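The values are calculated or read from the model by the stated rules, or taken from the named source; none is laboratory data. These figures come from a predicted structure and were not determined experimentally. Note: ideal-geometry Cβ built from the backbone for every residue, glycine included; neighbour counts use all protein chains shown. Just the protein is used for accessible areas: all its heavy atoms, side chains included, with ligands, DNA and RNA removed. Shrake-Rupley method; radii C 1.70, N 1.55, O 1.52, S 1.80 Å.
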Amino acid sequence: MVRDAPLFALLLLALSALSASLVDAREYGQPTLVLPLLDSLEQVLRFFSENTASINVDGMSGLRVMQGQLVDIRNDTRVWDSLSSEIQDKITAMIEIPDTIYAETRAQMAQFDPAYFTLFVPALTRPVRVDWRRRSLNLPTWDIVREAADYVMTQQEQTVHNYTESNICYSNILSNSKCAISKVCVNMLMRPNKKQYASTHQLIYAQAVEAQGCSEELERSLQKWYAKSVDDVKEDLCRNIYKDASIVYARTEPASLLSDLFLEQNALCLSAGFVEFLRFDWLSAVLSWQRMNGCFGLELESANPVTGRRLLMERSMGGGCGSHISGLATTYLSTFLKNLLFLL
């Protein structure tokens with residue numbers, strides 16, 4: 001069941017009158033668009049705060065990216081000074097919540113999956129900041145309707161990518177103070193024509209490198225081995241991801257594995273500043289998936305609290321709620337909010 005709140009209804013009403021353009025968004029102003037987004041974030045954060053015993057590494061990672069997005073909003077003087085005191089107070093309060101959640105859930109996360117926790121702990125202890133600036137994609141014309149009809153999330157598509165390799169590359173850069181970037185990881189980043197979670201994992205690695213302050217080292221490696229820049233790579237990835245997300249949007253249903261993928265695709269490319277992902281029809285769909293208790297969920301394949309997703313791991317938090325997808329939702333909503341404020 002999706003949630004039913006006055007601010008949510010107000011946002012859907014506003015979105016129904018909007019095309020996917022920033023010009024239209026400017027006419028509605030902060031209260032109509034920003035407050036309902038913050039309301040949605042507050043509800044999912046409240047859910048996490050009340051259920052710390054079942055948060056997993058992926059959910060906590062999403063909260064740390066969200067925290068970084070909100071810190072960026074607070075640190076931008078032009079944007080921050082334009083916000084009402086009500087909005088400033090809400091953002092300030094939400095920035096503190098992931099620290100409290102981490103303190104309460106750290107021990108059980110480490111016990112639940114020690115190896116996985118150790119692999120990703122550098123991304124769990126502080127806000128994750130992602131390089132952002134306004135970017136645009138040179139989008140070709142696709143027959144989305146035809147391709148969506150043929151779209152199947154097959155076992156083959158999910159397993160083409162070597163997730164162990166990309167996880168190791170990701171954790172290595174997080175724990176590497178000298179910015180050592182191996183050719184194996186650059187090759188992983190540059191494998192062409194990846195789809196679904198494979199392409200989002202490539203982008204996760206590029207953004208992790210930037211978050212660690214290692215952009216220059218990655219730039220040199222890409223120029224040396226592929227004659228490409230970091231910006232070229234991110235644009236190529238998000239162009240492919242946009243096509244994939246468009247197809248997923250045409251087919252997805254709430255509580256499906258495709259909704260999890262859709263959130264990840266949008267959160268990653270919005271965090272990089274690609275304005276094509278600032279789509280109000282997509283936002284409206286995502287908000288409609290939020291449940292009454294604030295979480296987002298998946299129909300898990302078994303009663304086992306851990307499901308074998310091909311990207312990372314989902315963990316049931318009860319009531320159809322998922323830790324990974326709820327964490328992704330906080331990332332998506334906060335990146336949408338940041339783009340909206342920075343671009344208006």
Check your understanding: Which of the pairs LYS224/LYS338; LYS178/LYS228; LYS90/LYS243 have their Cα atoms more than 27 Å apart in this structure?
Key -> LYS224/LYS338; LYS90/LYS243
Exercise for review: Provide the per-residue ³J(HN,Hα) series for the range 179-191, in order, calculated from phi with Karplus coefficients 6.51, -1.76, 1.60 and θ = phi - 60°, each as a whole number of Hz, with x at glycine and proline positions.
Suggested key: 6, 6, 10, 7, 5, 4, 6, 5, 4, 4, 4, 9, 4
**Study point:** Largest to smallest accessible area among SER40, SER82 [probe 1.4 Å]
**Key:** SER82, SER40
**Study point:** Accessible-area order (highest first, 1.4 angstrom probe) of the listed residues VAL184, VAL71
**Key:** VAL184, VAL71
Review point. Which far-off residues, 5 or more places away or on another chain, put their amide H under 5 Å from the one on GLU314, with H placed in the peptide plane?
Key: THR307, ARG309
Point to revise | Stretchable slack from THR118 to SER182, in nm (0.36 nm times residue separation minus alpha-carbon distance) | key: 21.0 nm
Practice item. For the range 163-275, just say rounded, prolate or oblate: build the C-alpha gyration tensor, square-root its eigenvalues into a ≥ b ≥ c, call rounded for a/c under 1.5, and beyond that prolate if a/b exceeds b/c, oblate if not. Key: prolate
Review point. Each label point is 7 Å from the Cα along the Cα-to-Cβ direction; what then is the distance between the points at ASP76 and ASP232, in nm?
Key: 2.8 nm
Study note, to complete from the structure: Counting only residues 5 or more apart in sequence or on a different chain, those whose built amide H sits under 5 Å from that of ASP76 are none
Review point. So between SER136 and GLU42, what do we pick up on full extension, going 0.36 nm a residue minus the alpha carbon distance?
Key: 30.8 nm
Check your understanding: Of TYR332, TYR249, which has the most accessible area with a 1.4 Å probe, and how do the rest follow in descending order?
Key -> TYR249, TYR332
Exercise for review: Please work out how much accessible surface CYS185 shows to a 1.4 Å probe, ignoring ligands, DNA and RNA, in Å² rounded to 10.
Suggested key: 10 Å²
Review point. Rounded, prolate or oblate: which fits the range 69-145, taking a ≥ b ≥ c as square roots of the Cα gyration tensor eigenvalues, rounded meaning a/c under 1.5, else prolate when a/b beats b/c?
Key: oblate
Study note, to complete from the structure: Expressed in square angstrom to the nearest 10, the accessible area of HIS201 with a 1.4 Å probe stands at 10 Å²
